[in-house]
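First the structure, in the form of structure tokens, and then the observations on it.
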Amino acid sequence: MTKVDPNNLVWIDLEMTGLDHEIESIIEIATIITDKHLNIIAEGPNLVIHQPDELLNRMDEWNTQHHTSSGLVEKVRNSKIGLAEAERATLDFIKTYIPYNTSPLCGNSVHQDRKFLDKYMKELADHLHYRTIDVTSVKEIVKRWYPNGPKVPKKSDAHMALIDIRESIEELVFYRQHYFIGNGRPPEDAETNSNHNKDGEE
């Protein structure tokens, strides 16, 4: 039986037709649930959302190039899934693991994703806590505080939602292993080990 845990984390990545949430829209959503130690518990629906040609045809050069080369544009045109259906499937999945208003929204530059969720998937957005865990913020801190430290492995630059969200989780695991106190162990393990050392135990 699946255990609903307020310490679990919701990772979401969206692909959009552009960055302006007032005029652009969502074309793909992927969701992953991890425990508090970043172990993947479940991968949720990875859904391509239909959008009209009118919206796709006015994408800027960057989005047109990347979403066409990845095959996403063709998938969007062929998709039968609308925004409401994608929201419902994703929210039903999240509710299986996350109580209301407990998990931050996790990912890279997720403030942008939240804008689109607030506009197009309001019920889903409202289920999440207002706080965020933004891996990009950790990246910017590490870059400035430890300029000569270990470098995070290069990402695939796939711009496909599920691949991107897996890489976001892997990136935060990397920072924990190389920069967080405890030599990359989960905090409880690090604390236990520290107490043992104080007592002269192995």
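Every read-out reported here was derived from the displayed coordinates using simple, explicitly stated rules and does not represent laboratory data. The shown structure was predicted, so the numbers you read here are calculated from the model rather than taken from an experiment. Cβ: placed from backbone, ideal geometry, glycine included. Neighbour counts: every protein chain shown.
Assorted remarks:
- Computed lengthening from residue 84 to residue 65, 0.36 nm per intervening residue step minus Cα-Cα distance: 4.1 nm
- Enclosed volume per residue, in Å³, of the convex hull spanned by Cα atoms of the chain: 144
- Annotation: extensible slack from residue 3 through residue 57 equals 15.1 nm (criterion: 0.36 nm per residue apart, minus Cα-Cα distance).
- DSSP finds beta bridges in segment 9-198, and of those with both partners inside it, around 75 percent are antiparallel.
- Think of the chain as having a plus end and a minus end, set by charges on the Cβ of Lys, Arg, Asp and Glu; of 97, 6, 168, 168 sits farthest toward the positive end of this dipole.
- Net +/- balance of residues flanking residue 79 in space, Cβ distance below 14 Å, scoring K and R +1, D and E -1: -2
- Among residues other than residue 169 with Cβ under 14 Å from its Cβ, the summed charge is -3 (Lys and Arg +1, Asp and Glu -1).
- Two-decimal log10 I(q)/I(0) for segment 1-105, as the Debye equation yields it once each C-alpha is a single scatterer, q = 0.14, 0.21 Å⁻¹: -0.61, -1.02
- Here the relative contact order of segment 9-198, from alpha carbon pairs under 8 Å that lie six or more residues apart, stands at 23 percent.
- Gain upon complete extension [residue 129, residue 23; 0.36 nm per residue less C-alpha separation]: 35.6 nm
- Among 15, 54, 43, residue whose mean-square fluctuation peaks in a GNM of the chain (springs only between Cα atoms under 10 Å): 54
- Pairs of Lys residues in the chain that lie 8 or more places apart, or on two chains, and have C-alpha atoms under 15 angstrom apart add up to 8.
- Magnitude of the charge dipole, segment 22-85, Cβ model with Lys/Arg +1 and Asp/Glu -1, debye to 20: 220
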